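The block underneath contains the structure these notes are about, expressed in structure tokens.
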Amino acid sequence: MSDSIAQASGAVAKAAEIMTLARCEGRVKVGQTEEAPRIGVFVCHCGINIGGVVNVPEVVKYSMTLPNVVYAEDNLYTCSSEGLNRIKEGIKKYNLNRVVVASCTPRTHEPLFRATCEEAGVNKYLFEMANVREQCSWVHMHMPKEATRKAKDIVRMAVARARLLEPRKDIEIDVRPAALVIGAGVAGMNAALRLANQGFKVYLVEREPDVGGMLKRLHRIYPTWQTASEVLEPMVRAVKSHKRIELLTSTIIKSVKGFIGNFNIIVDSMGKEVMFKVGTIIVATGAIEHEPIGLYGYGKYEGVITQLQLEEILRDGRLGMLKAVVMILCVEAREPNGRAYCGRICCATSIKNALLIKRASQETDVYILYRDIQAYGKELEEHYRAAREAGITFINYALDNPPKVLDEPFGRLKVKVYDVLLHMDIEIQCDLIVLSTPMIQHVHGKELSRMLKVPLGTDEFFLEAHLKLKPVDFATDGIYVCGTAHGPKDVSESVIQAYAAASRASIPMAIGKVRSEAIIASVNESKCMGCGLCKDVCRFGAIVMEGRRAKVMELLCKGCGVCAASCPSSSLIMRHFTDRQIIAQIDAALR
Amino acid sequence: MMDKGFEPKILVFLCNWCSYAGADLAGVSRIQYQPNVIPIRVMCSGRVDPRFVLEAFKRGADGVLVTGCHLGDCHYIDGNYMAEVRMRFLKECLEEIGLQSERLRLEWISASEGEKFAKVVEEMVEAVRKLGPNPLRSGGSNEGRDVKEKARGRR
């Protein structure tokens, strides 16, 4: 939870920061073209992420030998405030007019380094990044020599390109003050409410006929012991009555097109096609409980259920009198060769439900068979202590010797488990076995990830742009994630993350504009033959023919460069990705 | 013709939106692959001018891998279709001038396909390793001269 709070406050702080930045817009410096390139190269160790594999000092030394490089140094973390200051100092001291940072991927860190260059008076388009982490040190971890050679190649290419970079000025795009929130569980509803309360129109889309998601199925939630409906009802009322929230239930997303500021959404709402436009998107599709089919007699014996099924039984008061209950934790979770991640909520949930059963009937014996108890934070540790004091028995089993469920007469069950602390087998007769399995991604997750062009991690949950720096952002601008779609979380963690996602999504909508890269095409009129091929291949109608000359409509150009690759006379110039720059990279790569 | 200890050099063009992110994901997931590939980021696979590929071979690349979003998923609607048409045509041209067309490969790799990126790289490195060095690289060999002459003839 604490890390989620950090996430949320980080998001808010970041929000304030960017808003301030936006206020001092309009100081883009263009210039420095005529001067000979003076390139500074900053090579990042990234702690041991790069430095542990690549010989960074050697790369620095090598950089100094490259043409137009007047200064090179290494930093422990180039992205730290100290590292950024080093860049600014380097620019001043050595009169740099081009900066190359060899570190991680431009997809996460380019904006930061560009801003730093701008602060020191170097146009941001004169900055170039050499990705020696994601595409070098992290993928060649056991080949330090080869990784160092490849890092030099990558830096040489970046320097070759930097030499030919030209200063440019950003283009501004309007952002529609409306958001799409996908999923109306506790995370989606909270994100929608936060945005709607800030005055933004919200389309809240839910696949199921009703809102509430997983929370609808729960009994009481830890650590407050409130019933789920107590938590849920006020939210549902607020969402349903909010004049700026358009709730679409039994609705699925059909297509998502466009960019931050202008997404075109098509949904299928109860068989009817609905279209709308939004500026930002929040993914809050949640997760489902993994079904342990065939394990521990699940599906074979009626008395073997999952923790979520127990929640529903407790919610409906259907439990009845039981002699003994056995809970088995880490079922198909934390398995090095299988589902490797921790279910996160299972320890606390089972302790809570065990206490509920025990408090309802002192006579019922409750056993919790665990591998490790992860009672993180203050409240959960207290519950754990309370559970032990209440007489709940905790038995430690090992991954390679899991408990076995045996058939007993008269519908009873028997669990045999090897207690690793007592070094002996224990047999427990019981009426109910409850299996804690981890949450997993929906079957529809993959399709949505493809539609939004955002990634899923190896655990199949939606993957944020950066675990620490952009915990609720995707690498694609204008799309954010919260709740269990991002990985197992409890209610409070989901709510905190929903607040953070809403806060992040509100930034571009509040400003009303995003700056877009000046990566657009232009025409060298003296070379253009007027064949019109570029006009034919452009899908955005950004090229018009004026007499025998092509002309680029700058606001319509999206910067793909398809036109430049088709021009027979090489008279279409794709700014920031010019033929000359790319060929210089090719040349440097193969030298 | 295979050099002993021949380490191919393969240039990879990655589109910014899908494949570059896919390659990053391979890194984030610590999926290990051979270091014979050198990345060049472009905004769209449709930006890859056939000339870039030819320049790469001319300068001695043993292989060129062009990667983009899956068909239908292009950030720019259909730039990747453009790439497909161009690379298919280019493969024929390569055969004609005597460079094996397997030295050029086009693959669709999404932002979520880190594993696929690593797999494609491994396959490509092995395939090119079997083909041996780009004949243009060993400029002096008969084969290299042959390819150069043929290429000149086509101009």
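The values are calculated or read from the model by the stated rules, or taken from the named source; none is laboratory data. None of the values given here were measured: they were computed from a predicted structure. We place every Cβ from the backbone using ideal geometry, glycine too, and count neighbours over all the protein chains shown. Heavy atoms of the whole protein, side chains included, go into the accessibility calculation; ligands, DNA and RNA do not. Shrake-Rupley method; radii C 1.70, N 1.55, O 1.52, S 1.80 Å.
General remarks:
- Shape of the range A:290-438 from the C-alpha gyration tensor: rounded (a/c under 1.5, with a ≥ b ≥ c the square roots of its eigenvalues).
- DSSP beta bridges in chain B [antiparallel fraction, %, rounded to 5]: 5 percent
- Helix A:106-119 and the long axis of chain A differ in direction by around 50°, with both axes built from C-alpha atoms.
- Summing +1 for each Lys or Arg and -1 for each Asp or Glu among the other residues whose beta-carbon sits under 10 angstrom from that of B:W108 gives -3.
- Protection proxy ranking, highest mean first, for peptides A:327-334, A:313-320: A:327-334, A:313-320, where packing is the per-residue count of other beta-carbon atoms within 10 Å, averaged.
- In the range A:493-588, the GluC sites (Glu not before Pro) that fall in loop regions by DSSP, at most 13 other Cβ within 10 Å: A:E525, A:E554
- Area of A:K257 that stays accessible when all protein chains are in place (1.4 Å probe, Å², to 10): 120 Å²
- Across chain B, C-alpha contacts under 8 Å between residues 6 or more apart give a mean separation that, scaled by the residue count, equals a relative contact order of 33 percent.
- Mean per-residue shielding of peptide B:9-22 is 3, counting Cβ atoms of other chains within 10 Å of each Cβ.
- Net charge of the neighbourhood of A:D365, taken over other residues with C-beta under 12 Å away and scored Lys/Arg +1, Asp/Glu -1, is 0.
- Antiparallel bridges, percent of DSSP beta bridges restricted to the protein assembly as shown (to nearest 5): 40 percent
- Across A:C342, A:C46, the residue with the most accessible area heads the list, and the full order at a 1.4 Å probe is A:C342, A:C46.
- Three-way shape call for chain B based on the alpha-carbon gyration tensor, with the a/c threshold at 1.5: oblate
- The relative contact order of the range A:514-591, computed from alpha carbon pairs under 8 Å that lie at least 6 residues apart in sequence, is 37 percent.
- With Cα atoms, 0 to 90° folded angle of helix A:228-241 axis to chain A main axis: 40 degrees
- Between chain B and chain A, the total buried accessible area stands at approximately 4600 Å², from heavy atoms with a 1.4 Å probe.
- Surrounding net charge for A:S350, when Lys and Arg each add one and Asp and Glu each subtract one, Cβ distance under 14 Å: +2
- Placing +1 on each Lys and Arg Cβ and -1 on each Asp and Glu Cβ, with no other charges, gives the protein assembly as shown a dipole about its Cα centre of roughly 2600 debye.
- Within the range A:86-236: Cβ-based charge dipole about Cα centre, in debye rounded to nearest 20 (Lys, Arg +1; Asp, Glu -1): 900 debye
- Relative to the longest principal axis of the Cα atoms of chain A, the long axis of helix A:186-197 makes an angle of roughly 50 degrees.
- Structural descriptor for chain A: relative contact order 15 percent, calculated from alpha carbon pairs under 8 angstrom and at least 6 residues apart.
- Interface residues of the range A:569-591, defined as a loss of at least 40 Å² in heavy-atom accessible area between the chain alone and the complex of all protein chains with a 1.4 Å probe, are A:F577, A:D579, A:I582, A:I583, A:I586, A:L590.
- Peptide-level mean, for B:41-54, of C-beta atoms on other protein chains within 10 Å: 6
- Solvent-accessible area of A:S241 with every protein chain in place, 1.4 Å probe, in Å² to the nearest 10: 90 Å²
- Shape class for the protein assembly as shown, computed from the alpha carbon gyration tensor (a ≥ b ≥ c): prolate, with a/c not under 1.5 and a/b above b/c.
- Sparse packing (at most 12 other Cβ atoms within 10 Å of the Cβ) combined with a DSSP loop state is found for the following trypsin sites (Lys or Arg not before Pro) in the range A:443-506: A:K468.
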